[in-house]
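Where a number appears in this text, it was derived from the coordinates with a stated rule and is not lab data. Source: prediction; values computed, not measured. A quick note on method: Cβ atoms are made from the backbone with ideal geometry, for glycine too, and the neighbour counts reach across all protein chains shown.
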Number of protein chains: 2
Amino acid sequence: MTGMQPGEGWHLIADLTDGAHLDDADRIARILTDAAAAAGATLLEVRLHKFGAGFGVTGVALLAESHISIHTWPEFGTACVDIFMCGQTNDLDAALAVILAGLGATVGRQATHRRAFGKAPASVG
Amino acid sequence: MTGMQPGEGWHLIADLTDGAHLDDADRIARILTDAAAAAGATLLEVRLHKFGAGFGVTGVALLAESHISIHTWPEFGTACVDIFMCGQTNDLDAALAVILAGLGATVGRQATHRRAFGKAPASVG
């Protein structure tokens, strides 16, 4: 990704479809761990909650560089993923690729935001 | 917020400036808890990491309806907040108001995304 200013980060938003393993909390924990590594991020911890047999998972990988979150709906084959990293060199696309491969999913909607944290946002936009 | 379709949620992205208490993990944990309640969401847990004296906090409130995340930079008075809820009746603006009040912060940049989880995104857009 290009165009980053000092004091900015990138936030990739992806709503996934046609996914599998979306009720498998252990697998999703591994995917989040691998996605953080693929992005070159430092993992603080992974926290997951499972909503019962056959239902989805909500979880987050907290990073030194912000977070990766995932919420899954196995009944629809869908998941909502956020990959937000304040590091200048993190590869968010690599993290998303790990998640897509791990779930066998495709991207339905995707967007990327610049996030401002370094100075008053008006001065870095 | 209006215009929600079945199988969609809202995701509010806000980059805050001019905030205080941004290194106070206990205060931020209470703010996240209060923000979830203000939105009418069900809190699963709050997880916070502090990066050392005078440095920022990274944290998340995991919700039955998705999550609220926060990353703070006390050295700049800034914070990046996400409020994502898949519920049809959650009040994201109320959650943001609690966070702004608790940190004495103002919004530098704000955006709202529809998130698709109910069916293949192309069918609900």
- Please list, in chain and number order, the residues 5+ apart from B:Gly108 or on another chain whose amide H is under 5 Å from its amide H, with Hs placed from the backbone. B:Asp15, B:Leu16, B:Thr17
- Size of the dipole of the protein assembly as shown about the Cα centre, Lys and Arg at +1 and Asp and Glu at -1 on the beta carbon, nothing else charged, in debye to 20? 160
- Query: Say the dipole of chain B comes from +1 at the beta carbon of Lys and Arg and -1 at that of Asp and Glu; which of B:His113, B:Leu32, B:Phe55 then lies farthest toward its positive end?
  - Reply: B:His113
- Item | Between 0 and 90°, nearest 10: helix A:92-103 axis offset from chain A longest Cα axis | 0
- Task: Calculate the spin-label point distance for A:Ala64 paired with B:Gln5, positioning each point 7 Å from the Cα along the beta-carbon direction, and give it in nanometres.
- Result: 4.2
- Taking r as the C-beta separation of B:Thr42 and A:Ala53 and R0 as 30 Å, the FRET efficiency to the nearest 0.05 is 0.95
- Task: Output ³J(HN,Hα) for region B:79-84: one whole-Hz value per residue in order, computed from phi by the Karplus curve 6.51 cos²θ - 1.76 cosθ + 1.60 with θ = phi - 60°, and x for Gly and Pro.
- Result: 8, 10, 10, 10, 10, 10
- Using the beta-carbon distance between A:Ala20 and A:Thr112 and R0 = 25 Å, what value does 1/(1 + (r/R0)^6) give for FRET efficiency, to the nearest 0.05? 0.45
- region A:1-46 - charge dipole about Cα centre, Lys and Arg +1 at Cβ, Asp and Glu -1, debye rounded to 20: 180
- Message: Roughly how far apart, in whole Å, are the Cα centres of region A:37-51 and region B:1-47?
- Response: 20
- Output the relative contact order of chain A, whole-number percent, from Cα pairs under 8 angstrom with separation of 6+ residues. 39
- Query: Which ³J(HN,Hα) values in Hz, rounded to whole numbers, follow from the phi angles of region B:36-44 under the Karplus curve 6.51 cos²θ - 1.76 cosθ + 1.60, where θ = phi - 60° and Gly and Pro get x?
  - Reply: 4, 5, 4, 7, x, 9, 9, 7, 8
- Message: Only four residue types carry charge here, +1 at the Cβ of Lys and Arg and -1 at the Cβ of Asp and Glu. Report the dipole size of chain A about the Cα centre in Debye, rounded to the nearest 20.
- Response: 320
- Message: Test of understanding: in a Gaussian network model of chain B with alpha carbons linked when under 10 Å, which of B:His21, B:His67, B:His113 would top the mean-square fluctuation ranking?
- Response: B:His113
- Would you mind checking which residues have amide H under 5 Å from B:Arg115's amide H? H placed 1.01 Å from N; only 5 or more apart, or other chain. B:Gly9, B:Trp10, B:His11
- Note on the structure: Residue by residue through region A:63-71, the couplings from Karplus 6.51 cos²θ - 1.76 cosθ + 1.60 with θ = phi - 60°, in Hz, x for Gly and Pro, are 10, 4, 9, 2, 7, 10, 10, 8, 9
- Item | Rounded Å value of the spacing that divides the Cα centres of region B:62-104 and region A:61-102 | 19
